[in-house]
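For reference, the structure is listed below as structure tokens.
Readers should treat all values here as calculations from the given coordinates under stated rules, not as data from a laboratory. Owing to the predicted nature of the structure, the values given are computational and were not obtained by experimental measurement. Don't worry about glycine lacking a Cβ; one is built from the backbone with ideal geometry, like all the others, and counts go over all protein chains shown.
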Amino acid sequence: MGGEEPPGVAARALSGPGPADDLPDGLLVADRDARVVVFNTAAERMTGIAAAAALGRDFRDVLPLHDAEGRDWWKCLAPYDGLPTRTRHPERSLFLPGGTELLVTAGYRRGDGGRVERFSVCLRDAQRRARQERDRADLVSTVAHELRSPLTSVKGFTATLLAKWHRFNDDQKRVMLETVNADADRVTRLITELLDVSRIEAGRLEMRRQVVDLPDEVRKVIAGRVAAGDAEDRFRFEVRGALPEMWLDPDKMDQILGNLVENAVRHGAGTVTIVVEPDAHKEGAAVSVRDEGEGIPPEAVQRVFRQFWRGPGGNRRGGTGLGLYIVKGLVEAHGGAITVRRAPGGGAEFRFTVPAGAPDHAS
Ligand SMILES: Nc1ncnc2c1ncn2[C@@H]1O[C@H](COP(=O)(O)OP(=O)(O)OP(=O)(O)O)[C@@H](O)[C@H]1O
Ligand SMILES: [Mg+2]
């Protein structure tokens, strides 16, 4: 190939990140001479190859993909010499020399006589896909299990009461009915959570933004806990600095705050401290909820936001492990982010940020 600078390099240097860099999938585009003209950020991340090292080179050298049997994929495909009627290739699982598995699709742009003008290759993270599939299978079995245990108790107690009504005194009957009642609540709660999960997964969360007084929302959540029987001096609330006008979905905010505070009370210990402050990095707010309990073990920090993850004792405390997954989904629906770390005095500290937002029609 000639000594002149390949067009892709110049274009990228001039314009910075291009539209292809916004894609979650890796994209490689080769020109009619098989030279790479686009190599986006996702492709860099998945392959570990820098765009600067890829652009202008023959794409077959840049991405020496092979299949599970070790066959050179580009030799099998012969993209530039194969049948001129081919327009695309369905998804295949292929490997880079280091063993990284990628899901690859490809498509052609052809000119006169079927000559390849452009060849585009889309790369997807195979590990992520496998994880999603595993998660889905896990979800079904976990849901079945979680629904069955309260229903087994509902069925057991109602059957016993119906069959032997006169053998129990009022107190015994009351205890059984209370258990049935609590188990029915549990099923309802689980189903509500599952609906939230499916909305989050399908990206169908509807946002109803309005001006929200965040400190006021926190006060409401605390008042709700106190009304339900928690000691008032268990909570400490602090507002540090003035917040911008916040356009948020108030119901979702309640859900986020309610979940974090409930976790701090249920899984944590000691005083629950909630701090609301302006976000130092962005126009928005940051909220942290911390307690003085045992906290989250460092090795579990990656996992707490996953579906159905419960720490030791989490099951005993009657949770389903969906709470934090939903919280994360709701925070992200606001354009925010959530993290967890060890609180300065021990215990867990969950901190989320949300941008100030704008009225729905403007965003
Ligand atoms: N403040 C906390 N301190 C210690 N552990 C916590 C805290 N918050 C959450 N955890 C751990 O993280 C796990 C997951 O929390 P998550 O809210 O997702 O589920 P859950 O509370 O068990 O059930 P639910 O779906 O009812 O919320 C909990 O089971 C608990 O082990
Ligand atoms: Mg919870």
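Suppose R0 equals 35 Å; then what is the FRET efficiency for THR188 and VAL301 from their Cβ-Cβ distance, rounded to the nearest 0.05?
Numbers: r = 31 Å, r/R0 = 0.88.
After rounding to 0.05, the efficiency reads 0.70.
Can you give the local net charge around ALA356? Use residues other than it whose beta-carbon is closer than 10 angstrom to its beta-carbon, Lys and Arg +1, Asp and Glu -1. If you can, show how the numbers build up before the last one.
On the way: positive: LYS282; negative: GLU245, ASP279, GLU283.
It works out to a net charge of -2.
If you plug each phi of region 298-303 into the Karplus form 6.51 cos²θ - 1.76 cosθ + 1.60 with θ = phi - 60°, what whole-Hz ³J(HN,Hα) values come out, in order, with x for Gly and Pro?
The phi angles translate into x, 6, 9, 4, 5, 9 Hz.
Ignoring everything except DSSP H segments at least 4 long, calculate the 222 nm mean residue ellipticity for the chain; use -39,500 (n - 2.57) per segment, divide by total residues, nearest 500. Mind dumping the intermediate values first?
On the way: 10 runs with 141 residues, N = 363.
Value at 222 nm, helices only, nearest 500: -12500 deg cm²/dmol.
Please list, ordered by chain and number, the residues whose modelled amide H lies under 5 Å from the amide H of ALA343; skip anything fewer than 5 residues away on the same chain.
Here the answer is ALA348, GLU349, since their amide H atoms fall under 5 Å of that of ALA343.
Given a Förster distance of 51 angstrom, what is the FRET efficiency for VAL140 paired with ARG115, based on the Cβ-Cβ distance and rounded to 0.05? All intermediate terms of the calculation are to be shown ahead of the outcome.
On the way: r = 49 Å, r/R0 = 0.96.
About 0.55, to the nearest 0.05.
Calculate how steeply helix 323-333 sits against the longest principal axis of the alpha-carbon atoms of the chain, using the helix alpha-carbon long axis, and give the answer as 0 to 90 degrees to the nearest 10.
50 degrees
Just to check I understand the Karplus step: with θ = phi - 60° and J = 6.51 cos²θ - 1.76 cosθ + 1.60, what whole-Hz values come out for region 128-139, glycine and proline as x?
Here the 3J(HN,Hα) series is 4, 5, 4, 5, 4, 5, 5, 4, 5, 5, 4, 4 Hz.
Per-residue counts of other Cβ atoms within 10 Å, averaged by peptide: what ranking do you get for 198-209, 275-286, highest first?
275-286, 198-209
Lys and Arg at +1, Asp and Glu at -1: add these up for the other residues within a Cβ distance under 13 Å of ARG118 and post the number. Before the final figure, lay out the partial values.
Working: positive: ARG32, ARG35, ARG88, ARG109, ARG110, ARG115; negative: ASP31, ASP33, GLU117.
Here the count lands on +3.
Would you work out if the chain is rounded, prolate or oblate? Take a ≥ b ≥ c from the square roots of the eigenvalues of the alpha-carbon gyration tensor; rounded if a/c is under 1.5, else prolate when a/b is larger than b/c, oblate otherwise.
Values: a/c = 2.94, a/b = 1.81, b/c = 1.63.
Prolate shape, in that a/c is at least 1.5 and a/b is the bigger ratio.
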